[in-house]
Each structure stands twice: as structure tokens, then as C-alpha cells.
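Have a look at the structure below, then the notes.
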Amino acid sequence: MKLISCYITGFGTIKEWSYDFSDGMNALCQENGWGKTTFSVFLKAMFYGMDYSARTKMLTERKHYMPWDGGVCGGYLIFEAEGKRYRVERSFGKTDKDDTFTLIDTNTGAACDDFSQNLGEELFQVDRDSFEKSIFIPQASVSTAMTDSLNAKMGNLASAKDDINNFDEALNRVSEVRKNYTRRSKVNNGKINVIKEEISRCSEVIDKKAAILDGYRKQFDKLEEKKKSLNWMEAEKNRITEAIRTQSKREQDMGAYRQQKEFLEKQQEEMNVLDDFFATGLPSEEEHAKLEDVERQYDMSRRTEKDLAIKLPPEQQIKKWEDLFGDQVPDEEDLSKWKDMSVRVQELRMQGEHSKLSEEATAQLDQLKYFFANKVPTEEELSQIEKDVVELSRLDGRIVEQDENYRNIKARVDMAQKTGRTAGKTAGVLLLFILFAALLLGGFSFRILAPEADGSTIYQILCFVGAAATGVAAIMQIGRIRSLHRNKQEDLQGQLAEAAEALAQSRETREVLAIRCKAFLADFKLTPADSMQQMVYEIRVNLDHYVRLRDEEHQATAQTTDAVEEMADLRMELYTILDRYAQVYHMDLYHEGNEADLLEQLKKDKNAYEEYIHCRKQLELIRLTMEEQKRLLEKYLGRFPLEEGTSLQEQLHLIWSKRQRYGQLQEEIASLQEKIQAFAEDNQVEEIALSVEQLQEKQVQIDEEIKDMQKGITQDRESLHQLSVELDGIEDAENRRDVLLEEKAECDRKVDLLTKTEEYLKIAKEQFLSTYMRPLRQGMEHYMAILDDKYKDSVKDMDFDITMDLSVQVLSQGSTHSSDYLSHGYQDLVGLCARFALVDVLYHKEQPVIVLDDPFTNLDQQKITHALKLLSDIAKERQIVYFTCHESRMPS
């Protein structure tokens, strides 16, 4: 399998970008932030799609790589597998239901169903997790780990995959059942822990029994004391109510009199303040109304002055107008006359320009004369060279196809040679040898351990005969497999020779044709192009253009007419008149010929200058009026003590409101004085004690005390009832604890049985998987020696091993340690070796693409050099996509 090309419509930060893959090494060196990791994740997404989970709140891979501009997320990838070429198209939405998948056979251009949307699993026989832990090597996770899919793939046990999955499912079920009893979690606790917690709660309830009984007796005594206090408070409340009724009758007659006296004092205080305000005299209604009208006129004048001031142009513009016009402004008749003269000058100028070849056409003709300086080709020569370059392009396509065919056959020959060396080591042969060993061991077991048992001899004979038959079958199977591989290699060698001969003949023909085309093109000043077809096309276009311009040059004539003399006289007359204005505008009429622009600008400035003169006169008149209005207002307002910072309108309103209040107070004070004097003459006035208010305050206080006492009694009754309920609950807890102790004993027995079952299942799986670990360990040792040729000396007191879950361990001084104890550089080194060894074990038939996202960042320069050489060697057999951000980590 190999990648051909891809196109990214939108994925993360990459948008509308394409890439063509080559055989072997595909190395991309880009700076950080360019999107190298995004590109690698895009390749994975084309095969496996993108995960989706509605429950997680973390930043998922789907959210991370969704385009920020809200555009389409997805693209297509063209790849070749099993001799056919496909294009997979995917788009991704916010959820997996919004995703689309299409697989197209590029040979027919139609959709096909050779693979489903589970393309990665069907193509590589591993799931997404196993893909990331084998041939997809991101920078942040160089190490790998074992999965069920990798277990089945490693042993070529396609039929055993379901058995392993069923085994793991059974193991998970046993573990889950056991966890249902022993789990410790706040959300979903195990049954035993739930029982323990409930027993603990029951014990806590039972331990409180003595304290609750004592509290019940004390609460009952406290409630009786509060009832007695409540009865005394209610009697005191009745006595105070009667006292308030008697005292209120005495004070009712004096209440209105005191209120009137207090109100009179407040009115007199306010009158004193107003007397101070109007110390210079009270204004009349006519005087104040006149000043309000002046204020309104002043406000209107101020707004008008502001509007006119805004319309005034800046001083620089005014200075420019004065320089233009001085004491005399041109009238409309003069401007119209000058414009007619300008139009006539322009007409005469255009007549002179149209009588000769344009400057652009002249420059083009000079360039074409230089282009054909060596040779002007004939039509026959040009037609022949066009046919030659078409034939040359066709030969290039044929050579690419023949070269690709030769490489494919060569790869199949190399693969056949490599497969031939391991012929006979298939899973079927291994199983036959395992069965042979098991039968042989069974026969010796019956012979040594139970020689006298009934039927022992028969069992021995059956085991030895079965072992012999199994051994013979294994040896015959090895011979048959090796014979098939030899026949296949001989057939591929013949195909390879034929492909090499066809490729050499095509290359020789192309070389002869290329020499002839280059000799023809050397006579012309051509622009460098990607192909000879473009160069020949450039000659054809230039030749047609050259012939046309040459004919126009012969026909064009330069004629001098009377229009030139008329234009010179008219320009002199007009420019003499406009010279004083051109100097102000900084225009060069004699060289630029822009008299029309000058006249248009002059007319605009004339109108604007006349409008400015009118506006300035209006503004001067308005300002004189405002000065007189402001003088009248300041004279009137200066008579009163007004606060600063308020507007004229607010000050006038304040003066008149105080003037109205002054008259109103005079009437109210006179009326109150008459009422107080009449009441004093008709009644005996004397001051009495304000005992009603005091009694009412005491009444409110005792009401609050009664309310608090009633609330306390209610709470004590509820507490007494709650204690009674708790005593009933303690008795229930004693009965419940006895039942729970029996349930816990039964659960402990089941947990012990499940724990032993889980241990036996794990031992059986380890024995089954240990058969396939030797090739992985040998491969890791092989790649360690390539990446670090001196590692045996630098780590002479350490050995490395790979476990069944594909994690790397360090063996040192008789103890085993995790690879986490190593430096980051050595962790990446041993992780890469484990990855490469895993790929060798997993894939024999269909070689996958290996994707590496800058995995060498933690290696020193010497190890990087060895790692890049290793990648170059691997690229001879497998296609590699390699990303890095630094030139020092690029392959040479």
C-alpha cells in the first residue's frame, strides 16, 4: 500500500492545500505552527475518521482540528492498495452523524464498495488505537503499547482474533463482577463497601442511644419552664394595653396644637432664608418675563453662532483663496470662455497623438525584433517542432509508467526474497510443533508419573504416535511452502528483466528527440518555462504578434498638420491668463497640460470663497447681538446669590420659583398665627409628659418577647418529637445491622472465588502470548544496534527487554525498571526501536505507510544521523511520511 496524493479542503490551520507523495521517503521541513501535526492527523483521519463523544468536556481531536472560520472540514486522499488505486473523500461535522465518506475507484471514476468507512481496520487489519501504536508515530508519544488487535495481528491469527476478544471479554466480565463487590468510588461504590458503610452508619446510630435518652428528658423539663414564662408575659401585656388607653385620651386634645406650633417654626425658618436671597428686592413678574425672553434669544443666537463657526474653513484654506483672488474674483463669463479654449486645446492635442503608432505598440515591436534577432522561423519549421514536443511529452508519461512498473516488480522480488528466508515459520507450522511438543510431553508424563495406571500404555502409544505424525506433517508443510516461494521468485525475475529492457528503449528514444528540440529552441530569447510545449507556444504567439505590428508600422505615418500650430497659439494665450492661478495650485501647465483640472478647481474655489464671505458677515452680526444679550442677563442675575456652574435657564427658573414660594409662605404663616392664637384663647395650654410613646415602646418590646417565647416552645416541641423518632430509628438500626453482617460474609466468599478465577485467566493469556515475543525482542535489539552503534559500551551494565504489553523495561543489577528512569532521549530511542520491530512483525504482505511527526527531537546529533540513515534504508521497502521543524533533522 502507498499514498499517491492528497488535498485538504480545511483541517485545523491548513486550508485548500495539496501534496503529491513520492515512493520511499517523503520529508517535510516546516517551522513550528505551520501544521505538521495537523497534516499527520489528517492522514490518520482519512483512514479512521475522527472520534466523537458528546459527554466529554475536554478538547477532543474533532474540536481541535475543526476550521476556525467555520468552513468545510475534510478533503481527499488518493492511495494504492492490492494493485488498484482509490480516492477516499471524507468531511467531518460537529458530530459523527454529520460526517460523510466516499470511496472512488480512480480507474473508473465511479464509487466502489471494496472498503467500507472502516477503511483503516480493513486495510491494515488493526483498529485506530493499534494504528497509533504501530505505524503512526507522533512526536509526543514515541512509545507503544499492546492492544487486542495487535495481539491477533502479530501472530497472523486472523481466526484467533475473535477468541482473544472473547477471552478479554470474559476476563473483563470477571473483573467487572469482582469490582461490583470491591469498587471504591463516590459515584458507583462496590457492594461490599456499600454494606460496610451501611453497617457503620447503623453502628453510629446505635451508639447515640444513651445520649438521645438523656437529651429527651432535659428537653421536656425546658419546655415546661418556657410555658410558665409565657403566661406571665401575656398578663403584663394586658396591663400595658389598659394604661395606653387611659393616657391616649389625655394627650389627644394637645396633639393638634403642638403640631401647628412646630409647623409654624419651620415656615418662619424657610421665610428667613428667602429674605436673605431677595436682600436687594423682589423682582416683578414683568421684569422677570422680559429677562426670560432675552435668555431664549441668547440661546438661539449661541446655537446659530456655533453652526456658522463650524462652516468656516481653516486658516490655511482662507489664505489660499486670498492668494488666488486678491481683490478681484473672476465672473462666470470669464470661466466659460477659458473652458472653451481648454476644450479646443485638448481636441487639437488628440488629433496629433492619433497620427502615429502608440508608445506601447512601439515598445512591443522592439522587444519582438530582439526576440527574433537570430532567426524568424517558417510555418513548416514551427509545425514540425510542435509535433516533436508533443511526442516528447508522450514519451515522458510512458517512461514514468514503465519506471513505476519496474519499481513495483522490483519491490515484489525483494519481498519474495525476504519472505523466502522466513518460509516455514508460519503460525500453522508453529501450532504443529506446539502440538508435537504437547503430545510428546504427554506420553512421557504417562510413562513416568502413572506407569501402573489403567490404560496408561494405550495413552502412551497414542501420544507418541500422534507426536510422530504431527512432526512429519510439520516438516512436509515447511518443504511445500519453500517450493512455492522458489517458483514465485523465478517468475518475478523474468518480469523484472522485461520491464528493464522496455524502460531503457523508451529513454533512448526520448534522448534523441530532446536534443533536436533543444537545438531549435536555442535560436530564440525564450523565458524559462516548465516544459518545451510552453516554450514552443511562446514562439508561436510572438511570431503572430510580430507580423501584425510590423505591418502596422509600415502603414503608420507621422504627419504635421495645421492643428499643431493652432494648438501652440491657443495654449500660449490660455496659459498666460491662467499662470497666476497655476502658481497657487503648484501646477505646471506647459509640461502637464492639465488646464481643464485647473479650471474645474478654480470654479469650485470661487463658489466656496463667495460662500465664506457671506458666512463671515453673518457671524460678525450675530456676535454683536450676543454681547448685548449677555450684558442684560448678567446685570439681572448679579442681584441674587446664585451658585456657579448652573446654566442661565436654570438660574432664571430658580429665581422665579423662590419668588413664588415667598408669596405662598407669607399667606401660610399669617393663617397659622391666627389659628394658634384662637386655640390658646379658648383652651388652657400646659405641657404634659409624653408617656403614651413610652408605653407603646414597652408594648412592642413585650410583644417581641412573647413571639420569641412562642417560637422557642414550638421548636422545643419539634425537637422532642424528633428525639422520639430517633429512638424508634435506633431500634430499626439494631435489626438492620444483624441482616447486613450476614450479607457481607456471603459477598466476601464470592469475591475470593472471582479473584482466583481472574488470576488463572491472566496466567493462561500470558502463556499464549509469550510465543510471539521473541521476534519483537530480536527486532528491537537489531534496531538499537543501528541507531546507537556504541550503546553496548555506554549501557554495558543494562539490558533492554520488551514486555507482552509492548512496554520497554530496563534490566540492571538484577532488577527490572520502567523506561521512565531513562533520559528523554534514550526513552525516545528505545521507543522507536520497539516501534520499528513491531512494524516488522505486524506487516509482511501489504506494506503500510509509516507516518513520523518529528520523533527525533530528544536525540543527540550522532543518534539523529543514525536514525535518518535507518529511515532511508526503511524507505527502500516502505513509503515514509516524515515531518520535522529543523534542517538538522532532515535526511540528506
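Please treat every number below as a calculation from the coordinates, not as lab data. Everything numeric here is computed off the predicted structure, so don't read it as measured data. FYI the Cβ positions are ideal-geometry reconstructions off the backbone, even for glycines, and counts take in every protein chain you see.
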List the relative contact order of the chain as a percent without decimals, with contacts defined as Cα pairs under 8 Å and 6+ residues apart.
26 percent
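Report, in deg cm²/dmol and to the nearest 500, the calculated mean residue ellipticity at 222 nm for the chain, where each DSSP H run with n ≥ 4 adds -39500 (n - 2.57) and the sum is divided by the residue count.
After summing the helix terms and dividing by the residues of the chain, the value is -24000 deg cm²/dmol.
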Kirkwood-based Rg/Rh on the Cα set of region 376-522 evaluates to 1.52
What's the Kirkwood radius of the chain in Å, using all Cα pairs?
43.8 Å
Using Cα pairs closer than 8 Å and at least 6 residues apart in sequence, work out the relative contact order for region 376-522, in percent.
40 percent
Cα-based count: Lys pairs in region 376-522 below 23 Å, eight or more positions apart or different chains?
5
For Gly12, distant residues with modelled amide H under 5 Å away
Met66
What is the set of long-range amide H partners of Asp99 at a cut-off below 5 Å, with H atoms built 1.01 Å from backbone N?
Gly93
Trypsin sites (Lys or Arg not before Pro) within region 862-892, DSSP loop, no more than 15 other Cβ atoms inside 10 Å:
Lys876
Using a cut-off of 18 Å between alpha-carbon atoms, which lysines can reach Lys762, once sequence neighbours fewer than 8 places away in the same chain are excluded?
Lys161, Lys179
Can you work out the Karplus-derived ³J(HN,Hα) for every residue in region 602-613? Use 6.51 cos²θ - 1.76 cosθ + 1.60 with θ = phi - 60°, whole Hz, and x for glycine or proline.
4, 5, 4, 5, 4, 4, 5, 5, 5, 5, 5, 4
If the convex hull of the alpha-carbon atoms of region 840-892 is projected onto planes in all directions, what is the mean projected area in square nanometres?
4.0 nm²
Which of the GluC sites (Glu not before Pro) across region 429-506 are loop residues per DSSP, with 12 or fewer other Cβ within 10 Å?
Glu452
Longer than 19 Å from Cα to Cα, which of Lys2/Lys94; Lys227/Lys698; Lys15/Lys84; Lys266/Lys658 are they? Say none if no pair is.
Lys2/Lys94; Lys227/Lys698; Lys15/Lys84
Whole-angstrom gap from region 707-748 to region 21-84, using each part's C-alpha centre
62 Å
Neighbour-limited loop hits for GluC sites (Glu not before Pro), region 76-113 (at most 15 other Cβ within 10 Å; DSSP other than H, G, I, E, B):
Glu82
Tell me which aspartates and glutamates have Cα within less than 14 Å of Lys604's Cα, excluding those fewer than 8 residues away on the same chain?
Asp331, Glu332
